[in-house]
Amino acid sequence: MNSFTKFDTLKLGLTMFALFFGAGNMIFPPVLGQQAGVETWITLAGFLITGVGLPYLGVIAVTMSGAQLNDLAGKASPLFAMIFPLIIYLAIGPFFGIPRTATVAYEIAISPFVPNAYGTLGLVVFSVLFFSITVWLSLKPNKIVDRFGSILTPVLLVIVTFFIVIGIVNPVGKAGPAWEPFTEDAFAKGFIEGYGTMDAIAALVFALIVINAVKMKGITDRKEITSITIKAGSIAVIGLSLVYAGLAYLGTTSRVIAAGAENGGDILAKLAYALMGNSGLYILGLAVTLACLTTAIGLTCASAAYLSKVIPIISYKMFVFIICGFTTTISNIGLTKLLDVMIPVLIGVYPLAIVLISFSLFDRLFRGYHEVYIYGLTAAGVVGFIDMLNAFNVQLGPILKVLAYLPLFDQGVGWIVPAVVFGFIGFIVALAQGKPRVQ
């Protein structure tokens, strides 16, 4: 008889933690803490919704809908099920998500020890080694849970916890007044900051790894898979929330010792040195590299598995090599340029992901009507696309003046009300047409 033991659930929970606690996740909370100051905890609450809550719900939404993102996206339409997953896999995979893992790891773990004159060469060498390891561990995806859950994640947790505890016991500073942009609407600003983790859209990709890990134990019933995912995901949620809170707290203490820091990685490096000297930098570097490596492996496995189904003439193993070769090149563009393009794209894509996840969780309430998804996603997509263009500094004066009347638009989430309203309109349209409940 096949069964999923409590230990299996624990390992799966640790694996989910490791998959989500990756490249951007260590560098965003310290910045949030430093800038939000005394407003850190209300800001963190918003951050945890998009940085932890939505990823958790995203995995659950996919398991409830089927086995992969296509099943979830198919609730809207076959065309959306073709286009949206491809956009997600390319964004979270070879174009942004995977390259960022190497650039962040290099910036924090290696760059402080490399002379500026050799910075470019150092990144090239590091990225080649980093993605060589990624290839090696990604070629046998069936062992990913055991490797993450039994080895990498416990090591990562010990290092990060040790770092946070030292910073709490011996704080190097204290929180001050909030800085811009957290002086007003701190909760909403934290909500938007959570976009940067990319985890809500990564969840739609990682769900396949989670589902396959459960199926390997001989469990195929969708309800049972969902139940196991909910339990294992709870472990990841608790772990991520505690770690983010700890890192945000460290950020609140960093204003003096990390004055003028350019990013969260710089803040963490200065904190590590202030707390433990060079040994602190070594420990932090190891933690960041492990965090980035686990995310790179998870994204590579998921992306290669998806693309090998879209283009079956190319095998999974070949796609692993293609993806890692491509991302090695992209990662050498540098973190700053990568983020300059990535953040605006996320502003456009995130509303679609959030609406899709949210609607699917209430699917039974509106009879699963496709119109609800189509109308709601279209409304959110239009507003999100305009927000994306605005983030790219495209001149949209008249349009922005009109959209400014939308509730919450100034807070960066003006798409919420249109998505709900048009989703309801879609329900009325489907109901008026007498359409039966979607099975």
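Coordinate-derived values only; no laboratory data. Just so it is clear, the model here is predicted, and its values are computed rather than measured. A quick note on method: Cβ atoms are made from the backbone with ideal geometry, for glycine too, and the neighbour counts reach across all protein chains shown.
Placing unit charges on each Cβ (+1 for Lys and Arg, -1 for Asp and Glu) gives region 7-361 a dipole about its Cα centre, and among Ser234, Ala45, Pro29 the Cα reaching farthest toward its positive end belongs to Ser234.
Protection proxy ranking for 78-91, 225-238, using the average of other Cβ atoms within 10 Å per residue and placing the highest first: 225-238, 78-91. In terms of its C-alpha gyration tensor, region 16-120 comes out oblate, because a/c is 1.5 or above while a/b does not outweigh b/c. Charged side chains reduced to their Cβ positions (Lys and Arg at +1, Asp and Glu at -1) give the chain a dipole of some 1180 debye around its Cα centre. With Cα atoms defining each centre, region 1-53 and region 274-299 are spaced 16 Å apart in the structure. In the structure shown, the pairs Lys75/Lys309; Lys189/Lys401; Lys6/Lys309; Lys6/Lys317 are assessed against 23 Å; a Cα-Cα span above that value is assigned to Lys6/Lys309; Lys6/Lys317.
For the pair region 159-233 and region 305-356, the centres of their Cα atoms are 20 angstrom apart. List the relative contact order of region 364-439 as a percent without decimals, with contacts defined as Cα pairs under 8 Å and 6+ residues apart. Worked out over region 364-439, it gives 56 percent. Residues Cys292, Cys324, arranged from fewest to most other Cβ atoms within 10 angstrom of their Cβ, appear as Cys324, Cys292. The alpha-carbon of Lys11 sits under 25 angstrom from the alpha-carbons of these lysines, leaving out residues fewer than 8 places away in its chain: Lys140, Lys143, Lys215, Lys217, Lys223, Lys231. The spread of Cα positions in region 7-361, taken along each principal axis and listed from longest to shortest, comes to 53, 42, 39 Å.
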